[in-house]
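Below is one structure, written out as structure tokens; comments come after it.
The values are calculated or read from the model by the stated rules, or taken from the named source; none is laboratory data. Bear in mind the structure is a predicted one, so any value in this text is a computation, not a measurement. Cβ placement follows ideal geometry from the backbone for every residue including glycine, while neighbour counts extend to all protein chains displayed. When the accessible area is computed, the model is the full protein with side chains, heavy atoms only, and any ligands, DNA or RNA have been set aside. Shrake-Rupley method; radii C 1.70, N 1.55, O 1.52, S 1.80 Å.
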Amino acid sequence: MRFFKKPAHTVGRNSEPPSLFRNALRFAIVVLYCITASAALAGPPQRVRDKERMALPVVDKVVIFAMDQVTWEDIEAAYTPNIDRLAEYGAVGVMNTATLTPRNPAEAHLALGAGSRGLTPPGAGAVRANGSAGRLHSLHVPSFNTITEHNKTYQYSVTPGMLAQTLEQNDTCAALISYDDSGVIQGKPVIYRSMTLALMNQSGNIPYASIGNTLPQPMPAENSTTADFFTPVRDALERCSVVGVYFGGTASAEAHYIPVESEGDQQPEPAVLMALDRADALLGALIQELGLDAAEPPGAALLLVAPYNDTPARKPETGQQAIEDKPQNSPVILSGPAIPRGVLTSDTTWHSGLVANIDVAPTVLTLLGLPIPSGMTGKPMAVLPHKKDPASFVADINRRTRSVDRFRAPGQSVYGALHLLAVVLAGAFLLWPGVQRNRAMRVFLRLVALTVILFPAACLLLPAVTPPRVSVLVSFAVTYGASLSAGIILLLLFRNRPAALVTALCAPPVLVALDLALGWGLNTANIFSFSLISGKRFYGLGNEGMGVVVGAATMASAVLISNSNWPPRRAALTAAAILFLTAVVVGFPRLGANSGGALTAVTAMMVLSILSGGRRFGLRHVLLTLLALAAFTALLILVHKFPGAAHPTHVTSAVSKTQSQGVGYLWDIFLRKLAIHRNVVRATVYPAIFASVIGLLAWAWYKPGSRVRAMLGARPRVAAGAAACIAASIAGYILNDSGLPVMAVILGYASVSVCWFAANGDMHTSS
């Protein structure tokens, strides 16, 4: 690999004067900062503002009112005055209901009582249709011993019933009242028992439980609190400090209730809205029983949650409104005389208006002034003040996340298509040199390369310039149009000079760094980052977004030092400084919080700094790179030892669990990553990107008389950047769950940079 030798530092005939290049680059970055700040500040910041947090008060009683398969859209469409009153005077949010396996009621309710996610045996809590729309079979709830042993098999540590166990240790108890509302099977009521997993103690018992108290039809008036249907609730409130009232799954009510004709030309009212009306009436009776409307209300809190929010696919009758059978976040409301008004948050998510199902148990214990056991991974909720309507704010968050999830697959497909187009065009340039003499083709290839580079940045800015509810077509038009327009502007401003490429490569990492540092929350609605609905990551930077940042920063550093005419030492130090800063942004717990991504950036830093200094990468440098990875890992662990540190990163968690469970835990992580990689290969567009990029680079390099060898031989620091991307992609595959997407994205930035220089018509320009 001759081009890894020490380069000659002569300015080529197409190279611009260093001072002009630096001034143009500075001007472009300043303009980029200003545009980013103006656009992003137009959107509401969603990251938690720590100084404004209001801790929860201590109360005497907590009532958990649970109803499954409910969305904010359902509540907005139904007539629910009592729910609206709770939301108006309390704290509201959206709750992530993700479980370890595809969502099912058993694992969803298990998370409520355990304060952490766990597995349930196959078939437990599965929703199985019996042929009638929306009707459910009776659900099997396994014993706690069975659940515990099943989790040990997969190295998951969850303690079922921890909420009830902690209550018993503090001389209090939990009670469950279940109003079955899930339909009928052959004329017999179905007993929906999933919420027993939330309130059972370690022995599998609930001190006071009343299961299957079907609500009467019609519901009694709100002031009729002496009705028989409410007697169990009154008795439970006298016995226990924590009472769970389970209403059931409202979506399945379509199979149980007959739609009521509306006046005029309107369609019949969906039965799910009737179920919400009845749930609201029950809440009204509960509010009156608790005395929350009294002149001197007692110390009580009411927590409304929807633990399970998937709706089974079904075919509504004519005139009924179909309910989208797609997962989404659930509404959550915490209300009471002492609960401040605002939006909910927690240290699980770090975002305003968003909490997780595992936060319910710690929140209940905090409201009662009881200690939170170490086995709970969830965190107690807190309240952030909100000047405008909090309910509208969290509803917008839910709409935004659903819009992003709808755009995720087609948006990534567009990204893959742009990659493939760039690879095909570059292949044409390398195979048929005559094509390079066509000026229009050269401009088009450079424009495609810039569009690919800028597309993730446009996706990041999408929530700042579009409303919460936006269609896939509009999302595509905005992101593709913005990246294409920015590419055209850069070509007009810099023409074929490398400054255009450097500016485009700087855009994604600069925008992401600004978003993470200033807390704009744009990454929460980015198709190249995480999903608030899937719940795999609530804060920081997702793996694909990390690949964008590391790949773009690596090639930006390489092209920058390649056209700066700096001596080897200065070039190596500059590249190392840029990528070290990238590693800090990606891995720092209060910023990117992506430990695997930080180590990926450190790998790129070491390879690029060594090669750009004119050295060959030998065994000594491999050992030095491993030492740098170990040092940065220790730094990530050390960060959490300081006061004010938040959640541990994945590296810290892996170290602590390896100490407690042995080296076998690391082997389990490796097997889990392989399983995830297999799923990624089958379900995403990234394998096509990866295969095309690898094919182009390999073919172009080994082709006899390779023009790529000549081009990279004349630009050894660009070649060093491509080598650093290859090394970083390998590290990213090993260190991250989404290994193949990380490899595809990072290598993509190397390939499009090569495409840019292939279109320049100057294959022999020296650095």
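List of remarks:
- Output for segment 110-124, where each listed residue is assigned to a loop (DSSP other than H, G, I, E, B) and either touching a residue at least 12 places away in the same chain (Cβ under 8 Å) or touching a strand residue (DSSP E or B) at 6+ places or on another chain (Cβ under 6 Å) (or both): Gly115, Ser116, Arg117, Gly118, Leu119, Thr120, Pro121, Gly123, Ala124
- Hits in segment 352-403 (condition: surrounded by fewer than 24 Cβ atoms within 10 Å (Cβ to Cβ), more than 15 Å from Ser330 (Cα to Cα) and within 17 Å of the chain's Cα centre (by Cα)): Ser403
- Of all residues making up segment 435-471, the number that are within 20 Å of His419 (Cβ to Cβ) and not polar (S, T, N, Q): 21
- Qualifying residue in segment 508-530 (condition: assigned to a loop (DSSP other than H, G, I, E, B), at positive phi and either open to solvent by less than 40 Å² (accessible area, probe 1.4 Å) or among the polar types (S, T, N, Q) (or both)): yes
- Filtering segment 326-356 to residues that are not hydroxyl-bearing (Ser, Thr, Tyr) and not in a loop (DSSP other than H, G, I, E, B) leaves Pro331, Val332, Ile333, Leu334, Gly342, Val343, Leu344, His351, Leu354, Val355, Ala356.
- Among the conditions (1) hydrophobic (A, V, I, L, M, F, W, C); (2) open to solvent by less than 40 Å² (accessible area, probe 1.4 Å); (3) closer than 13 Å to Cys755 by Cβ, the only one that Leu462 does not satisfy is (3).
- When residues of segment 226-248 are limited to those that are part of a strand (DSSP E or B) and either β-branched (Val, Ile, Thr) or more than 40 Å from the chain's Cα centre (by Cα) (or both), the one nearest to Pro216 (Cα to Cα): Val245
- Residue list for segment 62-73, filter: crowded, with 21+ Cβ neighbours inside 10 Å and part of a helix (DSSP H, G or I): Trp72
- Within segment 483-506, being free of Cβ contacts under 8 Å to residues at least 40 places away in the same chain and crowded, with 20+ Cβ neighbours inside 10 Å holds for Ser483, Ala486.
- Within segment 564-582, the presence of at least one residue that is more than 24 Å from Ala517 (Cβ to Cβ), of a type in the set (S, T, N, Q) and open to solvent by less than 30 Å² (accessible area, probe 1.4 Å) is confirmed.
- When residues of segment 74-109 are limited to those that are in contact with a helix residue (DSSP H, G or I) (Cβ under 8 Å, 6 or more places away or on another chain) and part of a loop (DSSP other than H, G, I, E, B), the one most open to solvent (accessible area, probe 1.4 Å): Tyr79
- Residue in segment 439-448 that is out of contact with any Leu (no Cβ under 8 Å at 6 or more places or on another chain), charged (D, E, K, R), without any contact (Cβ under 8 Å) to a residue 40 or more places away in the chain and farther than 23 Å from Ser557 by Cα present: yes
- Residues that are at pLDDT 80 or above, more than 17 Å from Val559 (Cβ to Cβ) and not β-branched (Val, Ile, Thr), drawn from segment 691-734: Ala727, Ser729, Ala731, Gly732, Tyr733
- Val59 being part of a loop (DSSP other than H, G, I, E, B) and modelled with pLDDT under 85: no
- Pairs, first more than 14 Å from Ala409 (Cα to Cα) in segment 525-536, second of a type outside the set (Gly, Ala, Ser) and surrounded by fewer than 24 Cβ atoms within 10 Å (Cβ to Cβ), C-beta under 7 Å, six or more apart: Leu532/Thr401; Leu532/Phe538; Ile533/Pro327; Ile533/Gln328; Ile533/Thr401; Ile533/Asp405; Lys536/Phe530
- The number of residues in segment 110-126 being modelled with pLDDT under 70 and surrounded by fewer than 23 Cβ atoms within 10 Å (Cβ to Cβ) comes to 3.
- Check on Gln186, out of contact with any Leu (no Cβ under 9 Å at 6 or more places or on another chain), open to solvent by 50 Å² or more (accessible area, probe 1.4 Å) and either at pLDDT 65 or above or over 25 Å from Leu368 (Cβ atoms) (or both): yes
- Unique match (being in contact with a His (Cβ under 8 Å, 6 or more places away or on another chain), under 18 Å from Asn523 (Cβ atoms) and open to solvent by less than 10 Å² (accessible area, probe 1.4 Å)) among Thr349, Thr345: Thr345
- When segment 541-579 is filtered for residues that are assigned to a helix (DSSP H, G or I) and among the polar types (S, T, N, Q), the ones remaining, listed by number, are Asn543, Thr554, Ser557, Ser562, Thr574.
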